[in-house]
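The structure appears right after this line, and notes come after that.
The values are calculated or read from the model by the stated rules, or taken from the named source; none is laboratory data. Because the structure is predicted, anything quoted here is derived from the model rather than measured. Neighbour counts are summed over all protein chains in view; Cβ atoms, including those assigned to glycine, are modelled from backbone coordinates with ideal geometry. Ligands, DNA and RNA are stripped out before the accessible areas are found, and what is left, the full protein with its side chains, is counted by its heavy atoms. Shrake-Rupley method; radii C 1.70, N 1.55, O 1.52, S 1.80 Å.
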Amino acid sequence: MSFDLSGRTALVTGASRGIGYFLALELAKRGAHVIAVARTVGGLEELDDEIQAMGNTATLVPLDLKDMPALDLLGSSINDRWGKLDILVANAGVLGTISPVGHVEAKVFDNVISTNLTSIWRLIRSVDPLLRRSDAGRAILMSSGVAHTARAFWAPYAASKAAVEVMGRSWAEETKQMPLRVNSVNPGATRTAMRAKAMPGEDPETLPHPADVAAKIVQLVDPALTITGQLYDVRQDKFLQYHMPS
């Protein structure tokens, strides 16, 4: 995984902490200029300090993904400055509440769907033309194992991630004759704030650190990658193909 990303531009959402933070570092380590998007300014500034210490640069974008017009402007700004985008990492997401589906408040459900699904569609809509201009465009859509296990009490989150995967598969089909490669990722249980919220009694030391997870995910942006429209499972360290229900 020693491929070079010098001269390439990568957009990472949820870059202020967790997997997004360490994926941004992995990309910068390989020479990519990182456009780091997150709501938390302090986390973005810490990321910028680490990237500068590597001798690389980043562009910080404090942004709430539910600000849909701002996502439209983001694509326009990238176009004006770089003319293309090489890598998209749609990592940001929210958990919502863990409860019976009939007990989920409407505002909670709407927030999960808006953040985890609608914003990603809006982001794709904004940067798809830019990714198509790259000679090796790469898109990573962060998913979850619950998209397939349909785990009890996780309905809004699971539904949002399942929808993201299907949207990604359609996008991959639309672009399979192009250099663009679109894949989803199941990172598995990871030592993040979201996981701690979902499983407060769990010992975080039993889980992989997000830096280790990011080190595996980064292979999906390798310019030599030929796989598209599949699900990369971090724990199994392999791509999984989709099948019709049987």
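Tabulated values for the structure
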read-out	value
Residue count, segment 1-35 (criterion: of a type in the set (S, T, Y) and within 14 Å of T57 (Cα to Cα))	2
Some residue of segment 171-193 being closer than 21 Å to F22 by Cβ and assigned to a helix (DSSP H, G or I)	yes
Criterion violated by D72 - all others in (1) open to solvent by 10 Å² or more (accessible area, probe 1.4 Å); (2) within 23 Å of N111 (Cβ to Cβ); (3) assigned to a loop (DSSP other than H, G, I, E, B) satisfied	(3)
Options G75, G31, G83, G93: the member that is touching a residue at least 24 places away in the same chain (Cβ under 8 Å), out of contact with any Ser or Thr (no Cβ under 8 Å at 6 or more places or on another chain) and under 27 Å from L180 (Cα atoms)	G83
Filter result (among the hydroxyl-bearing types (S, T, Y) and over 19 Å from Q236 (Cβ atoms)) within segment 160-195	S160, S170, T175, T192
Pick from segment 120-148, criterion more than 19 Å from N186 (Cβ to Cβ) and in contact (Cβ under 8 Å) with a residue 60 or more places away in the chain, ranking: most open to solvent (accessible area, probe 1.4 Å)	D135
Residues that are in contact with a Ser or Thr (Cβ under 7 Å, 6 or more places away or on another chain) and at pLDDT below 95, drawn from segment 210-236	P210
Residues located in segment 184-215, provided they are open to solvent by 30 Å² or more (accessible area, probe 1.4 Å) and in contact with a Pro (Cβ under 8 Å, 6 or more places away or on another chain)	R191, T192, R195, A196
Subset of segment 35-58 [of a type in the set (V, I, T) and farther than 17 Å from T13 by Cβ]	T57
Strands (runs of 3 or more DSSP E) completely within segment 1-66 that count 1 or more residues being out of contact with any Phe, Trp or Tyr (no Cβ under 6 Å at 6 or more places or on another chain), surrounded by fewer than 23 Cβ atoms within 10 Å (Cβ to Cβ) and among the polar types (S, T, N, Q)	58-62
The listed residue being open to solvent by 30 Å² or more (accessible area, probe 1.4 Å), in contact with a Gly (Cβ under 9 Å, 6 or more places away or on another chain) and without any contact (Cβ under 8 Å) to a residue 40 or more places away in the chain, out of R181, R151	R151
Count of segment 216-236 residues which are open to solvent by 30 Å² or more (accessible area, probe 1.4 Å) and either closer than 21 Å to Y21 by Cβ or of a type in the set (F, W, Y) (or both)	4
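Conditions (1) among the β-branched types (V, I, T); (2) under 28 Å from T228 (Cβ atoms), marked per residue:
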| position | (1), (2) |
| --- | --- |
| S6 | no, yes |
| I19 | yes, yes |
| D48 | no, no |
| V94 | yes, yes |
